[in-house]
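One structure below.
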Amino acid sequence: MSGELSQLRLVDTPAGPITYTLTRKRVKNLNLRVGRDGAVSLSVPPRCALDRADTFVREHGGWIIQVQARQREKRVEPLPPVDRAECVRLLGEALERVYPLVQPLGVAFPQLKLRALKSQWGNCHWAQGYITLNTALARCPERLRDYVALHELVHFLHHNHGPGFYRQMDALMPDWKQRRRALRGYETEFDEKE
Ligand SMILES: [Zn+2]
């Protein structure tokens with residue numbers, strides 16, 4: 001047993017009714033969070049009174065509803081799932097599309113590995129000459145796949161996210177910030193995996 005007890009509670013707030021998951025754990029303070037899917041959770045110390053928990057949520061009702069609305073806006077429908085072969089094709093094509101941008105800068109065509117990464121869209125193993133792309137990218141629009149592929153390719157030139165890295169991105173893909181922002185809407189894709 002973990003010693004954690006959870007229950008679902010419903011409170012009326014001036015901003016409207018809110019359902020939240022109350023969890024008792026060894027914490028000192030009340031800890032309120034709204035997940036990316038809009039789910040509200042509150043962790044409280046083991047002996048915290050239910051009234052106090054509900055009141056806390058009620059007092060933060062306006063903030064909760066605001067965050068939920070923002071999360072809803074950000075969320076986007078991912079493309080349908082694809083099988084492994086299709087995933088290999090889609091991400092391989094992304095790499096081939098953007099590679100010509102870095103080829104003149106002396107980057108060798110890397111080996112591509114695909115993995116269901118949990119918290120990253122990709123990473124670059126510059127010393128070993130390969131990049132890894134998240135299989136969840138196959139369910140994102142083409143321009144976002146291209147952005148991640150290019151991001152990882154640029155790491156062969158700039159190993160960290162220093163000013164040089166971003167200058168290079170600006171030069172090669174001027175709208176990369178917009179693409180990165182759009183990609184955030186798809187992040188639940190890999191959060192929920194595995
Ligand atoms: Zn990076």
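Mind checking which residues of the range 115-137 are within 13 Å of the ligand (Cβ to nearest atom) and under 19 Å from Leu183 (Cα atoms)?
Our first condition is that a residue be within 13 Å of the ligand (Cβ to nearest atom); within the range 115-137, this holds for 117, 119-126, 131-134.
Those that are within 13 Å of the ligand (Cβ to nearest atom) and under 19 Å from Leu183 (Cα atoms): Leu117, Ser119, Gln120, Trp121, Gly122, Asn123, Cys124, Ile131, Thr132, Leu133, Asn134.
Right, Leu117: touching a residue at least 40 places away in the same chain (Cβ under 8 Å), more than 19 Å from Glu142 (Cβ to Cβ), surrounded by 16 or more Cβ atoms within 10 Å (Cβ to Cβ) and within 25 Å of the chain's Cα centre (by Cα) or not? It is true that Leu117 is touching a residue at least 40 places away in the same chain (Cβ under 8 Å), more than 19 Å from Glu142 (Cβ to Cβ), surrounded by 16 or more Cβ atoms within 10 Å (Cβ to Cβ) and within 25 Å of the chain's Cα centre (by Cα). Selection of the range 105-148 for residues being of a type outside the set (Val, Ile, Thr) and in contact with a Gly (Cβ under 7 Å, 6 or more places away or on another chain) yields Ala108, Pro110, Gln111, Leu112, Leu133, Asn134.
Looking only at the range 49-101, residues that are modelled with pLDDT of 95 or more, within 21 Å of Leu183 (Cα to Cα) and not charged (D, E, K, R) come to 9 in all.
I need the full set of residues from the range 30-48 which are surrounded by fewer than 14 Cβ atoms within 10 Å (Cβ to Cβ) and either at pLDDT 95 or above or assigned to a strand (DSSP E or B) (or both), in order please. Write out each step before concluding.
Taking the range 30-48 first, the residues surrounded by fewer than 14 Cβ atoms within 10 Å (Cβ to Cβ) are 33, 37, 39, 46-47.
Within the range 30-48, just Arg33 meets the criteria.
With respect to the conditions (1) among the charged types (D, E, K, R); (2) closer than 15 Å to Ile65 by Cβ; (3) surrounded by 14 or more Cβ atoms within 10 Å (Cβ to Cβ), Asp54 falls short on a single one, namely (2).
Name the residues in the range 58-81 that are under 26 Å from the mean Cα position of the chain (by Cα), in a helix (DSSP H, G or I) and either of a type in the set (Lys, Arg) or surrounded by 14 or more Cβ atoms within 10 Å (Cβ to Cβ) (or both), would you?
In the first step, residues of the range 58-81 are kept if they are under 26 Å from the mean Cα position of the chain (by Cα); the result is 60-81.
Add one more test, that the residue is in a helix (DSSP H, G or I), and what stays is 61-74.
Within the range 58-81, Gly61, Ile64, Ile65, Val67, Gln68, Arg70, Gln71, Arg72, Lys74 qualify.
The residue of the range 138-167 that is farthest from the ligand (Cβ to nearest atom), among those that are under 17 Å from Cys87 (Cα atoms) and assigned to a loop (DSSP other than H, G, I, E, B), is Pro141.
The values are calculated or read from the model by the stated rules, or taken from the named source; none is laboratory data. Owing to the predicted nature of the structure, the values given are computational and were not obtained by experimental measurement. Every residue, glycine as well, gets a Cβ built from its backbone with ideal geometry; the counts of neighbours run over all protein chains shown.
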